[in-house]
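Before any comments, here is the structure.
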Amino acid sequence: MKREYILRILILGLAVLPFTMPKYSLAATFSLSVKPHPYRGSDDLRFDRVDPTGEPRSEILKVEISTDIGKQYEVTQNLLTPLTNPASGVSISDKNFIFYARRKITPGVLNYIEQDTEVRGTRNIYMSDSQGTADSFDLVYVIRTPLDVPAGGYQCRLGFSLRAINDPTQPEKNETLNVIVQVGAGKPTIDITTATGTKIVSLNSVKENMQSFDVLVNIKAGMGSQFVISQVIPRALESAEGEQLPYEAINFQIREAKKGIGAVKPLALSVGPDILYASGLKGEPDSFIIAYSLQDIEKLKAGRYRTTIQYRLEGAGAFIQEGIIDTFGLEVEIEPVFDIIVKTESESGKIEFKDLKPSGQTKTFEVSIEVKTNKAKPYQVIQKMHSELVSKEGNIIPPEDFTLKTESIDTKGILKFPQKGPAKKGETVLFVSDKKGSPDSFKVIYELKAARDIKLGDYATSVSYSITEI
């Protein structure tokens, strides 16, 4: 029996199917990029370790626009949040946060080229040419100093927008940038200076331009909270001989303070501490003058006196470093005074007896004598009569008819003629001071009697007064 294997070949209908590639549409480019330059691995614009009284700090931002839409566009900047410390709520002033554009040849119009501009608000940074050519440029951001804020971290957000002009169908592109400023806790600078450039407050009792002295205090940076500047005199004003000048011999007052307050009326110096100046509540920068002056000079003992003045900073704020700001020398020169002032009751300044008649008539004449001295040494006042009262004809008035006596004018010393006595030719001690050699004053009263037998004529002599130390 024969078996067959029949293989059927099935030919399925083969058809050549057409191969069609998928269709892709190329999207238009319209993008904005803002990044710190040079790039340090962070998209944030960072200002690290800013010294509040040091040099200004700057950082660069690279702005790039990529586009092929062929439409004119603009770039704007907007400060979304102020530059603020989130913990304290204190903000850096607008005047301390500025920017400008670096000069560059560009197809469009770049604004704020080398022009310091406050970052606040919305700023139109760039306008492209009419063809919308892609471009890039640098913006420089600056933290100006001095900063009137406490140390700490300050943050803000900047928004940048890329917008096609006259094409509302093109979506706007936006970028946001974080700005971080770390303000250091450096010691705020307080400069204390003098017009002479030295650290010595010099006062002189005789030189008019040195009877007062100004010290300028310049607070360059804020301290964030209220503070006080005071002065301390660690030891008394003392001469080489060990004599001391009283504190009240020197006054001080504060002038030209704008933000804080000080002693606007003169106050006497003391061992201290004397408060010179109290700042405003926020401890703002300020400047003022400490004016020192001598008082009651005529009561001060001659000598050169020296000590020091310490200027101190005090306050409870976290950013206030209490202690001595600076130390100045204080020198006071009281020049020696040893002088006599004589005043008469006549305008001529002479001792005159007018219209005296020979009838036993008497007339008196007063002379006031004042001694000014600060030498603190005993002295005496001497009268010298160079001759008797004599006429041109040689006639002499007898000594018993020409007398003198001394009277008190709150006198401290000893009057040598409390009773009337002859006004004699030669030297006569009229007065002796107290043991302290205090300044003093007294009167000399001269009396002339015209006896009935006096010979007519004009009589004269010369009288001088002097003071000598005993």
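Key figures
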read-out: Counted charge near Tyr73, where neighbours are those whose Cβ lies closer than 12 Å (Asp, Glu -1; Lys, Arg +1); value: -3
read-out: FRET efficiency for Glu238 and Val342, using Cβ-Cβ distance with R0 set to 45 Å, rounded to 0.05; value: 0.80
read-out: Value of Rg/Rh across the stretch 338-469 [Cα atoms, Kirkwood radius]; value: 1.01
read-out: Protection proxy ranking, peptides 202-214, 123-135, average beta carbon neighbours within 10 Å, highest first; value: 123-135, 202-214
read-out: Contour excess over end-to-end distance, with Cα ends at Lys220 and Thr122 and 0.36 nm allotted per residue; value: 32.2 nm
read-out: Computed lengthening from Lys436 to Glu393, 0.36 nm per intervening residue step minus Cα-Cα distance; value: 10.7 nm
read-out: Rel. contact order, % - alpha carbon contacts under 8 angstrom, at least six apart, the chain; value: 11
read-out: Modelled FRET efficiency - R0 22 Å, Ile289 with Gln211, Cβ distances, 0.05 increments; value: 0.85
read-out: Listed candidates (i) 4, 19, 26, 23, 15, 9, 4, 1, 0; (ii) 4, 14, 13, 11, 10, 9, 8, 7, 6, 6, 5, 3, 2, 1, 1, 1, 1, 0, 0, 0, 0, 0; (iii) 4, 20, 31, 28, 14, 3, 0 - label of the one calculated as P(r) over Cα pairs in 10 Å bins from 0, in percent; value: (ii)
read-out: Entries in Lys220/Lys299; Lys259/Lys299; Lys343/Lys375; Lys405/Lys455; Lys343/Lys436; Lys350/Lys436 that, when Cα-Cα distance is taken, lie over 29 Å; value: Lys220/Lys299; Lys259/Lys299; Lys350/Lys436
read-out: Extension reserve of the Asp355-Thr308 stretch, reckoned as 0.36 nm per residue once the Cα distance is removed; value: 10.4 nm
read-out: Total formal charge among the other residues, if their Cβ is under 13 angstrom from that of Leu45, Lys/Arg +1 and Asp/Glu -1; value: 0
read-out: Test item: Cα-centred dipole of the stretch 190-334, Lys/Arg +1 and Asp/Glu -1 on Cβ, debye; value: 260
read-out: Net +/- balance of residues flanking Gly242 in space, Cβ distance below 13 Å, scoring K and R +1, D and E -1; value: +1
read-out: Cβ-Cβ FRET estimate between Ser66 and Gln155, R0 fixed at 30 Å, reported to 0.05; value: 0.55
read-out: Within the stretch 422-454: backbone nitrogen closer than 15 Å to the Glu400 label point (7 Å, Cα to C-beta); value: 422-423, 449-454
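Just so you know, all these numbers are worked out from the coordinates, no wet-lab data involved. Since this is a predicted model, take the numbers as computed values, not measurements. Every residue, glycine among them, receives a Cβ derived from its backbone with ideal geometry; neighbour counts consider all protein chains shown.
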